[in-house]
Amino acid sequence: MDLYGLSACEMAREIKEGRCSCVAVVKSCLDRIDMMEPEVHAMISLWRDEAIVRAEELDKRLASGEDIGPLGGVPVVLKDNLCTEGHETTCASAILKGWKPPYNATVVKLLTNAGAIILGKSNLDEFAMGGSTESSVYGVTSNPWDLERVPGGSSGGSAAAVAAGYVPFSIGSDTGGSIRQPAAFCGIYGLKPTYGRVSRYGLAAFASSLDQVGPFARTVEDLAKIMEVIGVYDPMDSTSEDVAKCDFSSALSRADLKGKRIGVIEEIEEYDYDPRIKKALDDAVQACRDEGAEIVPISLATAIKYGLACYYILAPAEASSNLARYDGVRYGYSAKDANSVEDLYFKTRREGFGDEVKRRILTGTYVLSAGFYDAYYLKAQKVRKAIKEEFARAFDKVDSIVLPVSPTSAFKIGELVDDTMAMYMADVFTIPVNMAGLPGLAMNVGFSEEGLPLGVQFIGPKWGEEELLGTAAVMERRFGKAKIASREVK
Amino acid sequence: MKITSEELKKIGVLARLEVGEDEMEPLKEHFNSILNYFEKLSELDLSDVDPFTLEDSQPLKLRKDEVISWDGRESILNQSPSREGDFIRVPRIGGDS
């Protein structure tokens, strides 16, 4: 097998044991990118030369007997809403074109310290608002399994990069499903950690009470290893919590579902969605049963019926506040010929933001404005509280919950662009997890007849990543590791 | 619940975001469908829910009040589209006088 096709843990082992060099791994991945990128278009920027220089430096350190870290020499790509010092961080928006952050996000620092080599920044929906990676000012990313289809979003570039074999793992962010849905669409693993597990310092804020950073990978072992590296308390993020560091990797081999109680949601049984996704869920449930788990029906009526409306009030409200900082004064795009400072704000924001971002800023401003606050924002906060309590009651009865990721598999590029509400509705199964701040893990359990990946997600209780990774490890033994999209490219 | 052009313009002013005439109709359409969707929440009885109690988070930790030096000042100033020395030039602030 070519080096690019190895998992992150395999790469790190091969390098550490001297069977290949960091430079060889980086070059193999860059070759793969050169071959696939003209058609997939997962990347906003490539750090080609810098990556090779860093690989050479790591090879030297290794030769002198140094430990280069748990991810020593392993290439990674980062969603382009994570700040990278001295390298453009665009959020796929015209308003940040040319902006080079003066500091690194904590996650970037942690990965670099662990020896990972950044190959570049990946595409996303503008400011992570969307589920298809079609609203990027840098163009649309294609799904590596079918170039006519979307990779999902908003972390579509990060997911496509791992599915296409550019890198063994990547980093995304998940506010309402932006890691799990693209992971499902691209047939790989995606983990949205518990709110507070991974530092958000240096992540461009969208909805701060919901945003969480997490990994994509093709094996569960990799997810566990990456979580050990990035799941670290950070005093620079006031929402980061100081929980005991977990040894996720060593828990995998002894993972077992015997005696575990896995919840299935009654309201989803009644929900009308793609029968292929339903079949994938049934397969996953059966696999859990075969492994000795007890399947327990639970009710999450508020989460499933009202979570979406609640989210589309709260997330835009927070976004309208967070995106107030883009004003054309201190950094990024600045409108020309403004005749007052107010005029500068109005024009910069009109010219710099795309349609979906504007819709969210305006909706968020509306629900927070005088006279409407109680009817929308306050009410939504109450629903959010009710959803949290509902999950707490569910986790009294079960160890984890299994459900679909999205009601469909990857849809066609352009199919939902003009139907904003339909695009929003596709988030129905991912959003409740963010509302409750819980961890969720999406994984592939098969393919449709036309060759599209079909995924499911497992939800765990707060700080339940170890449980989720263990469950995923058992499922991986049955369904196999995630595959690289093997389609031949011209 | 239907939103008017006047209301939408007012929201644009609050958001410091110019809403062009060409954007008005599609935005109105969007607002009307999403506000209609939000009505769903009225089906719920939320009278007993206190939305602002913190249930299980750790108490907010405060950092030590100490000076940490950082040399990023220049790189921050350099990001401005209109830096002049240690200042950032903006168009006139205030009225016509």
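The C-beta contact set for segment B:67-90 (first residue at the interface with another protein chain (Cβ under 8 Å from one of its Cβ atoms), second residue among the charged types (D, E, K, R), distance under 8 angstrom, 6+ apart or interchain) comprises B:Ser75/A:Lys100; B:Ile76/A:Arg330; B:Gln79/A:Lys100; B:Gln79/A:Arg330; B:Ser80/A:Arg330; B:Ser82/B:Arg89; B:Ile88/A:Arg330.
Exactly one residue among A:Ile52, A:Ile95, A:Ile68 is more than 17 Å from A:Phe169 (Cα to Cα), in a loop (DSSP other than H, G, I, E, B) and aliphatic (A, V, I, L, M), and that residue is A:Ile68. Scanning segment A:312-333 for residues that are at the interface with chain B (Cβ under 7 Å from one of its Cβ atoms), touching a Phe, Trp or Tyr at 6+ places or on another chain (Cβ under 6 Å) and within 22 Å of B:Asn78 (Cα to Cα) yields a single hit, A:Tyr331. Residues of segment A:284-299 that are closer than 15 Å to A:Ile265 by Cα, small (Gly, Ala, Ser) and in a helix (DSSP H, G or I): A:Ala284 alone. Looking across A:Asp31, A:Asp80, one residue alone is in contact (Cβ under 8 Å) with a residue 12 or more places away in the chain, buried (at least 19 other Cβ atoms within 10 Å of the Cβ) and of a type in the set (Asp, Glu). It is A:Asp80. For segment A:401-414, the criterion of a residue being in contact with an Asp or Glu (Cβ under 8 Å, 6 or more places away or on another chain), at pLDDT 95 or above and on the phi > 0 side of the Ramachandran plot is satisfied by at least one position. Among the residues of segment A:202-217, is there at least one that is hydrophobic (A, V, I, L, M, F, W, C), in contact with a Cys (Cβ under 9 Å, 6 or more places away or on another chain), in contact (Cβ under 8 Å) with a residue 24 or more places away in the chain and not in a loop (DSSP other than H, G, I, E, B)? The answer is yes; a qualifying residue exists. Taking segment A:302-311, which residues are aliphatic (A, V, I, L, M) and within 11 Å of another protein chain (Cβ to nearest Cβ)? Within segment A:302-311, A:Leu308, A:Ala309 qualify. Of all residues in segment A:435-490, which are of a type in the set (Val, Ile, Thr) and either crowded, with 24+ Cβ neighbours inside 10 Å or not in a loop (DSSP other than H, G, I, E, B) (or both)? Within segment A:435-490, A:Val445, A:Val456, A:Ile459, A:Thr471, A:Val474 meet the criteria.
Conditions (1) surrounded by 24 or more Cβ atoms within 10 Å (Cβ to Cβ); (2) closer than 29 Å to A:Ala303 by Cα; (3) among the hydroxyl-bearing types (Ser, Thr, Tyr), marked per residue:
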position: A:Ser173; (1), (2), (3): yes, yes, yes
position: A:Ile188; (1), (2), (3): yes, yes, no
position: A:Ala204; (1), (2), (3): yes, yes, no
position: A:Ala207; (1), (2), (3): no, yes, no
position: A:Phe216; (1), (2), (3): yes, yes, no
position: A:Val229; (1), (2), (3): no, no, no
position: A:Gly259; (1), (2), (3): no, yes, no
position: A:Glu266; (1), (2), (3): no, yes, no
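Take A:Thr133 and tell me if it is at positive phi and touching a helix residue (DSSP H, G or I) at 6+ places or on another chain (Cβ under 7 Å). In short, yes.
Applying the criterion of being surrounded by 12 or more Cβ atoms within 10 Å (Cβ to Cβ), of a type in the set (D, E, K, R) and within 19 Å of A:Leu344 (Cα to Cα) to the residues of segment B:40-97, the residue that is modelled with the lowest pLDDT is B:Arg92. Scanning segment A:241-257 for residues that are of a type in the set (S, T, N, Q) and crowded, with 18+ Cβ neighbours inside 10 Å returns a single hit, A:Ser249. From the list A:Lys347, A:Lys336, the one residue that fits, being facing chain B (nearest Cβ under 7 Å) and either charged (D, E, K, R) or within 20 Å of A:Ala309 (Cα to Cα) (or both), is A:Lys347. If we scan segment A:291-301, do we find a residue that is within 14 Å of another protein chain (Cβ to nearest Cβ), more than 30 Å from B:Val13 (Cβ to Cβ) and surrounded by fewer than 16 Cβ atoms within 10 Å (Cβ to Cβ)? Yes, there is a match, as at least one residue in segment A:291-301 is within 14 Å of another protein chain (Cβ to nearest Cβ), more than 30 Å from B:Val13 (Cβ to Cβ) and surrounded by fewer than 16 Cβ atoms within 10 Å (Cβ to Cβ).
For segment A:406-434, the candidate set comprises residues that are more than 20 Å from A:Arg384 (Cα to Cα) and hydrophobic (A, V, I, L, M, F, W, C); within that set, the residue that is surrounded by the most Cβ atoms within 10 Å (Cβ to Cβ) is A:Ala410.
Rundown of residues vs (1) over 18 Å from A:Asp355 (Cα atoms); (2) more than 7 Å from chain A (Cβ to nearest Cβ), yes/no style:
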{"position": "B:Ser33", "(1), (2)": "no, no"}
{"position": "B:Phe38", "(1), (2)": "yes, no"}
{"position": "B:Ser42", "(1), (2)": "yes, yes"}
{"position": "B:Asp48", "(1), (2)": "yes, yes"}
{"position": "B:Pro51", "(1), (2)": "yes, no"}
{"position": "B:Arg63", "(1), (2)": "yes, no"}
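Checked against (1) closer than 22 Å to A:Ser135 by Cα; (2) touching a helix residue (DSSP H, G or I) at 6+ places or on another chain (Cβ under 8 Å); (3) not in a loop (DSSP other than H, G, I, E, B), A:Gly157 meets all criteria but (2). Can you find a residue that is surrounded by 14 or more Cβ atoms within 10 Å (Cβ to Cβ), away from chain B (no Cβ under 14 Å) and among the β-branched types (Val, Ile, Thr) anywhere in segment A:277-284? So far as segment A:277-284 goes, yes, one or more of its residues are surrounded by 14 or more Cβ atoms within 10 Å (Cβ to Cβ), away from chain B (no Cβ under 14 Å) and among the β-branched types (Val, Ile, Thr).
Among the listed residues A:Val383, A:Val367, identify the single one that is among the hydrophobic types (A, V, I, L, M, F, W, C), more than 7 Å from chain B (Cβ to nearest Cβ) and crowded, with 19+ Cβ neighbours inside 10 Å.
Working: A:Val383 fails: more than 7 Å from chain B (Cβ to nearest Cβ).
Unique residue meeting the criteria: A:Val367.
The values are calculated or read from the model by the stated rules, or taken from the named source; none is laboratory data. Quantities reported herein were computed from a predicted structural model and do not represent experimental measurements. With ideal geometry, Cβ positions are generated from the backbone for all residues, glycine too; neighbour counts draw on all protein chains shown.
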